[in-house]
Amino acid sequence: MRKYLLPTIIMCVGAFILTMGLLFKFYAYPRLAVVPTDQNTTQIVQDPDAKFFDADNVKPGNGELTTTARIIGDPEASEQASEETGEDVAIWNSGRVSDNNGDNIPMDGSTEVLVFDRHTGEAINCCGESKNGEAVKRSGLLVKFPFDTQPVDTYNWWDSTVGRAFPVKYTGEEELQGMNTYVFTREVPETKYATRELPGNLFGGSASSGAVDADRYYSNKRTFWVDPVTGVVPDRVEDQKQEFRYDGKTLNALETTSRFTPDTVSGNVEEYKSKSAQLHMVQSTLPLIFTILGILLLPGGLVLSLVIGRRRTADPEPDRDDDQRGDPVFGR
């Protein structure tokens, strides 16, 4: 039996390693590939030469435009929502402010309660989702792409301005400060989304003309650089245009090509590059290595036990006749 000890050990080790590989893939990875509920981040988007309607001076203007977005997660609300819905829910509070002159009154701003799936990033309609205090029903991706993002054209991204989700198109791969990313684009066609009261003289009326209700139109092309492992967006560029229209005349409301600041991009890459590498190891590298080793060790131990068994069968039996004759001098 001692001869079979080594093959048995080899097969047991192989079975253990194979099991560990499967656990990494099907147990550890799903529990690690989730959005944190206690998120706390600030990201800054900037355009040094934007064109906009200067509401302070009631006339067109241009200059630097800075948008600051802050996200704070709500772990307690997320846990409660998960219990109520039976899904893995994240609830984040988002605030955004756009400023063109650095004073206390921003050019634009909004607050939102975002509710979405912690694995896929898809919107979930429940639990107090809102914009500026009003209930809203969202669809598509809200703040990130899903874990294990695929190079496909099947994703949709929610646009908060017009309140609709639009298709996202995959355009290729690109390296971003040493991080491999997928590049996606999403276009919002020209859409009327609001009406605003403005002085009539802005549309060709006299100085004494009264206020008019001008329609506000919006279009947007956004480019995302996405880490395919975590689904985070370390960089993005937004080409946005807005116009006021009244009685066949137009007034530029906003024209900007804005991008995450270099500090924001560097911070995102620094934070998520190591997390992406670790998650990739748990998802792919470790399961592959452990599975190959386990598959090699299991049949290896079995083959070794068969070889030992054959050798034992082939060993000749001692000659009993010779044993009976005894010693030639002393006899048996």
Collect the residues in the range 192-220 that are open to solvent by less than 40 Å² (accessible area, probe 1.4 Å), closer than 28 Å to Val143 by Cβ and among the aromatic types (Phe, Trp, Tyr), keeping them in residue-number order. Tyr218
Test Glu84 against the stated conditions and say whether it is over 30 Å from Pro199 (Cβ atoms) and loosely packed, with under 15 Cβ neighbours inside 10 Å. yes
Of the residues Pro48, Pro7, Pro36, only one is at pLDDT 80 or above and outside any strand (DSSP E or B); which? Pro36
Out of (1) open to solvent by less than 30 Å² (accessible area, probe 1.4 Å); (2) outside any strand (DSSP E or B); (3) at pLDDT below 95, the one Ser78 does not meet is (3)
Kindly provide the set of residues from the range 247-296 that are open to solvent by less than 30 Å² (accessible area, probe 1.4 Å) and not in a helix (DSSP H, G or I), ordered by number. Leu251, Ala253, Leu254, Thr256, Ser258, Phe260, Thr261
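For the structure I just gave you, tell me whether Gly14 is part of a helix (DSSP H, G or I) and small (Gly, Ala, Ser).
Values: part of a helix (DSSP H, G or I): yes; small (Gly, Ala, Ser): yes.
Yes: the conditions hold for Gly14.
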Strands (runs of 3 or more DSSP E) wholly in the range 88-180 with at least 2 residues that are open to solvent by 60 Å² or more (accessible area, probe 1.4 Å) and of a type outside the set (D, E, K, R) - which ones? 89-99, 164-176
Selection status of Thr223, hydroxyl-bearing (Ser, Thr, Tyr), surrounded by fewer than 19 Cβ atoms within 10 Å (Cβ to Cβ) and either within 25 Å of Ala165 (Cβ to Cβ) or at pLDDT 95 or above (or both): yes
Can you give me the number of residues within the range 136-185 that are touching a residue at least 40 places away in the same chain (Cβ under 8 Å) and charged (D, E, K, R)? 4
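The values are calculated or read from the model by the stated rules, or taken from the named source; none is laboratory data. Predicted model, so just to flag it, every value in this text is computed and none were measured. All Cβ positions, glycine included, derive from the backbone under ideal geometry; neighbour counts span all protein chains shown. We work out accessible area using only protein heavy atoms, side chains counted, and drop any ligands, DNA or RNA first. Shrake-Rupley method; radii C 1.70, N 1.55, O 1.52, S 1.80 Å.
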